[in-house]
Amino acid sequence: MTQEKKTVLITGGTRGIGNALVEHYVSNDWHVISAGRSEKTISTAKEVYPGVQWLACDMAIPSQRIKFSEQLLGTPLNLIIHNAGIQQARDYFQPKKVNA
């Protein structure tokens, strides 16, 4: 009797924490599906992790999120790690007026 691999979906898997998560799950024999913002970042990640199923999706663009979710329809997932995010240059110490 063979045990099927568990499947994890990791968004933001081409860099940083997401990439470390991809490495962790690949090394623990999971089937990994991961999203990256662009084909350019994905092509680099494919060289390091060729067994990962890479999908392009800029999570900031609604139409790309829809396409991404449609590509995953019917795919059984054991774990979802939504790691994609953005960083904005902002002065968090600047007081703001609040009308409350």
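The values are calculated or read from the model by the stated rules, or taken from the named source; none is laboratory data. What you see is a predicted model, and the numbers here were worked out from it, not measured in a lab. As a convention, Cβ positions derive from the backbone with ideal geometry for all residues, glycine included, and neighbour counts pool all protein chains shown.
Just checking, which of 21, 9 is assigned to a helix (DSSP H, G or I) and among the aliphatic types (A, V, I, L, M)?
Exactly one residue qualifies, and that residue is 21.
Which of the residues that make up segment 53-100 are surrounded by 10 or more Cβ atoms within 10 Å (Cβ to Cβ), in a loop (DSSP other than H, G, I, E, B) and among the β-branched types (Val, Ile, Thr)?
Within segment 53-100, 61, 75 qualify.
Against the definition (surrounded by fewer than 13 Cβ atoms within 10 Å (Cβ to Cβ), at pLDDT 90 or above, part of a loop (DSSP other than H, G, I, E, B) and of a type outside the set (Lys, Arg)), how does residue 50 come out, yes or no?
It is true that residue 50 is surrounded by fewer than 13 Cβ atoms within 10 Å (Cβ to Cβ), at pLDDT 90 or above, part of a loop (DSSP other than H, G, I, E, B) and of a type outside the set (Lys, Arg).
Kindly establish whether residue 20 is out of contact with any Ser or Thr (no Cβ under 8 Å at 6 or more places or on another chain), modelled with pLDDT of 95 or more, surrounded by fewer than 18 Cβ atoms within 10 Å (Cβ to Cβ) and closer than 18 Å to residue 85 by Cβ.
Criteria met by residue 20.
Considering segment 25-65 alone, what residues qualify as being among the hydrophobic types (A, V, I, L, M, F, W, C) and more than 15 Å from residue 82 (Cα to Cα)?
The answer is 26, 30, 42, 45, 48, 52, 61.
Restricting attention to segment 53-62, which residues are over 12 Å from residue 11 (Cβ atoms) and modelled with pLDDT of 95 or more?
If the condition is that a residue be over 12 Å from residue 11 (Cβ atoms) and modelled with pLDDT of 95 or more, then 53 is the only one that fits.
If a residue has to be more than 13 Å from the chain's Cα centre (by Cα), in contact (Cβ under 8 Å) with a residue 60 or more places away in the chain and closer than 19 Å to residue 27 by Cα to count, how many in segment 45-85 make the cut?
2
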